[in-house]
Amino acid sequence: MRILIINGPNINMLGIRERDIYGTQTYDDLVDFCKDAAKELGVEVTFFQSNHEGAIVDAIQDAYGKFDGFVINPAAYTHTSVAILDALKAVSVPTVEVHLSDVSTRDDFRQISYIRSYCVATVMGKGFEGYKEAMKILIDGKDTHGE
Ligand code: DQA
């Protein structure tokens, strides 16, 4: 199973940005964590991070036919991007939405997720572990948002 892990804006600033919320570990630490988790779970992982909405749309389109699942943390674009939702719908790859923090307890503007309606599941507030849980959901083929 081939999984693409997509991270949006400012996830490259982990370890520096708002450490009280996102912790002290870096984006490279996240990549290492996910590589170890993928090895343990027996899946192949590829990583993409961008601060640009269009670049994320391009990456999703480029992934068409190449991956069996996406783990995506669109970061701030979660709350604004119809374009990322449409790209996900276009390529039709099972996708799990991940957030490091528990967005449900944060600002009002973080309560909207444009991609959630498309995703098979959402994992939030579990830090790096959330990415591993997302991979497991894809492996098990669970659809917790569906019927
Ligand atoms: C985030 C939550 C978003 O609201 C925020 O804009 C981020 C990170 C998270 O992982 O908790 O940049 O997606």
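Read-outs throughout are calculated quantities, based only on the coordinates presented, and are distinct from any laboratory measurement. Computed from a predicted structure; not experimentally measured. Every residue, glycine among them, receives a Cβ derived from its backbone with ideal geometry; neighbour counts consider all protein chains shown.
Going by Cα centres, region 92-147 and region 18-50 are how many Å apart?
Cα centres, region 92-147 to region 18-50: 15 Å.
In Å and whole numbers, how far do the C-alpha atoms of region 2-140 stretch along each principal axis, longest first?
38, 34, 25
Please list 3J(HN,Hα) in residue order for region 114-130, calculated via the Karplus relation 6.51 cos²θ - 1.76 cosθ + 1.60 where θ = phi - 60°; whole Hz, with x for glycine and proline.
These are the phi-based 3J(HN,Hα) values: 5, 8, 4, 4, 8, 6, 6, 6, 10, 10, 9, x, 10, x, 4, 3, x Hz.
What length, rounded to one decimal in nm, is gained on full extension from Arg2 through to Thr105, with 0.36 nm per residue of separation minus their alpha-carbon distance?
Extending this stretch completely gives an extra 33.8 nm.
Under the definition of Cα pairs under 8 Å and six or more residues apart, what whole-number percent is the relative contact order of region 2-140?
Answer for region 2-140 is 27 percent.
Would you mind getting me the FRET efficiency between Ala90 and Asp68? Use the beta-carbon distance for r and R0 = 25 Å, nearest 0.05.
0.90
Using a simple spin-label model with points 7 Å from Cα along the Cα→Cβ vector, what separation in nm is obtained for Gln61 and His79?
2.8
What percentage of all Cα-Cα pairs in region 37-115 are separated by more than 14 Å?
64
What distance in nm separates the two pseudo spin-label positions at Phe47 and Arg19, each 7 Å out from Cα along the beta-carbon direction?
2.0
Per DSSP H run of n ≥ 4, the term is -39500 (n - 2.57); total these for the chain, divide by its residue number, and report the mean residue ellipticity at 222 nm rounded to 500 deg cm²/dmol.
-10500 deg cm²/dmol
Would you calculate the convex hull of the Cα atoms in region 1-83 and tell me its volume per residue in Å³?
Convex hull volume per residue, Cα atoms: 90 Å³.
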